[in-house]
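Report on the structure given below.
The values are calculated or read from the model by the stated rules, or taken from the named source; none is laboratory data. Just so it is clear, the structure is predicted and the values come from calculations on it, not from any experiment. So basically every Cβ, Gly included, is an ideal-geometry build from the backbone, and we count neighbours across all protein chains shown.
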Amino acid sequence: MTAESDTAPGGDQRWPAVVALAAAHLGGIDVERDAPLGARTTYRVGGPAALAVRIEHDEQLAVVRAAVASTGIPVLVLGKGSNLLVADRGFAGLVVVLGDAYAAVGFDGTLVRAGAAAALPVVARRTVAAGLTGFEWAVGVPGSIGGAVRMNAGGHGSDMAASLVRVRVWDLRRGEDSDVPVDALDLGYRTSNLLPHQVVLRADLRLAAGDRAASEAVLADIVRWRREHQPGGANAGSVFTNPPGDSAGRLIDLAGCKGLRIGTAEVSTKHANFIQADDGGSADDVRALMREVVLRVASLTGVHLEAETRLVGFPEDPPAVSPDAPGATP
């Protein structure tokens, strides 16, 4: 990792010492230094994390909590990496990955208890197999339960808020481990009030009794629709949230951005609200292209698109790329 990525925002040169101190506090846990991070996202671009740990039980979480509380090191909880763009310089902080112990899925009638590390498609298929309905939409979302709670993920007319009852949250700064009712999460369109140092450990979902055959047909339709309408390859799904009453993809297409390329990143020609990264590409190119799309849409329509993709490790934005800048090609 470069010296730049080992410094805090603003270039605080004390940051390497903070990272070293945090590592020293993580005794008893395997700590990975300069851990691949961008490669663990669906974009498959971006730099490393200063530190990373994999948590297999609550006692290890208590150790992480003590390290975070003592040092103030930034924390990133990593699920499936399907909604993250990590800067090429990486993340000068601690990445927390929940292990398989936090991926269990259990049933009590129509109540589903899913661990935060459980994959959304797995939970969707297991609920259908159990004769429940209401979570079919998640079969096409390549994220985790924890990440889905954090951003109130959704699709196909539903979202997490539609079935979420409560979550278990471990606060790495305050040391609190509590069950939080859904009403206290302030869930909105792709948002919640959860902070980076708050780790979702499980979610309770209230579904409804359904018809397994009918729900399996819905699953198949969703999978087929996504294959027909959304690109494969290295991307993180929808890049921008939809403005009220409109579609981000429609506005991006209207602004002539389909196929727009900056360096190793390109706006998909199949769906304008997707950006694809080349193999071995640059996360900074993806970020520059995001900003260029925002500029062109705003110039044409007056609408300022907001990123749905979570940005990690990027400095404050420089001025937007102009339409005739070198590297910006239609």
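Data for the structure
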{"read-out": "Region 1-51, subset touching a Ser or Thr at 6+ places or on another chain (Cβ under 7 Å) and at pLDDT below 95, residue surrounded by the fewest Cβ atoms within 10 Å (Cβ to Cβ)", "value": "Q13"}
{"read-out": "Qualifying position, being closer than 15 Å to T309 by Cβ and buried (at least 23 other Cβ atoms within 10 Å of the Cβ), among A277, A288, A248", "value": "A277"}
{"read-out": "Matching option when the condition is modelled with pLDDT of 95 or more and under 25 Å from A20 (Cβ atoms), among L85, L111, L98", "value": "L98"}
{"read-out": "Count - residues of region 143-187 that are assigned to a helix (DSSP H, G or I), surrounded by 15 or more Cβ atoms within 10 Å (Cβ to Cβ) and of a type in the set (A, V, I, L, M)", "value": "8"}
{"read-out": "Members of region 165-194 that are touching a Lys or Arg at 6+ places or on another chain (Cβ under 8 Å) and hydrophobic (A, V, I, L, M, F, W, C)", "value": "V165, V167, W170, L172, V180, V182, L194"}
{"read-out": "Members of region 264-298 found to be among the small types (G, A, S) and in contact (Cβ under 8 Å) with a residue 12 or more places away in the chain, listed by number", "value": "A265, S268, A272, A277, G280, G281, S282, A283, A288"}
{"read-out": "From A277, A272, A255, A236, residue being within 19 Å of A39 (Cα to Cα) and either in contact with a helix residue (DSSP H, G or I) (Cβ under 6 Å, 6 or more places away or on another chain) or in the same structural domain as F91 (by TED's automatic domain parsing) (or both)", "value": "A277"}
{"read-out": "Test: I73 is under 23 Å from S178 (Cα atoms), in a loop (DSSP other than H, G, I, E, B) and modelled with pLDDT of 85 or more", "value": "yes"}
{"read-out": "Scope region 42-61; condition assigned to a helix (DSSP H, G or I) and either among the hydrophobic types (A, V, I, L, M, F, W, C) or touching a Phe, Trp or Tyr at 6+ places or on another chain (Cβ under 7 Å) (or both); matching residues", "value": "L61"}
{"read-out": "Neighbours by Cβ (under 6 Å, 6+ apart or cross-chain): first from region 83-95, more than 18 Å from S144 (Cβ to Cβ); second among the polar types (S, T, N, Q) and surrounded by fewer than 24 Cβ atoms within 10 Å (Cβ to Cβ)", "value": "D88/S282; R89/S5; G90/S5; A92/S5"}
{"read-out": "Where a residue in region 130-153 is more than 16 Å from S215 (Cβ to Cβ) and not assigned by TED's automatic domain parsing to the domain that holds R168 and its partner, wherever it lies, is at pLDDT 95 or above and in a helix (DSSP H, G or I), with Cβ under 8 Å and at least six apart", "value": "none"}
{"read-out": "Residue list for region 12-49, restricted to those being hydrophobic (A, V, I, L, M, F, W, C) and under 21 Å from K80 (Cβ atoms)", "value": "A35, L37, A39, V45, A49"}
{"read-out": "Region 81-136 - residue that is of a type in the set (G, A, S) and assigned to a strand (DSSP E or B) and, of those, surrounded by the fewest Cβ atoms within 10 Å (Cβ to Cβ)", "value": "G106"}
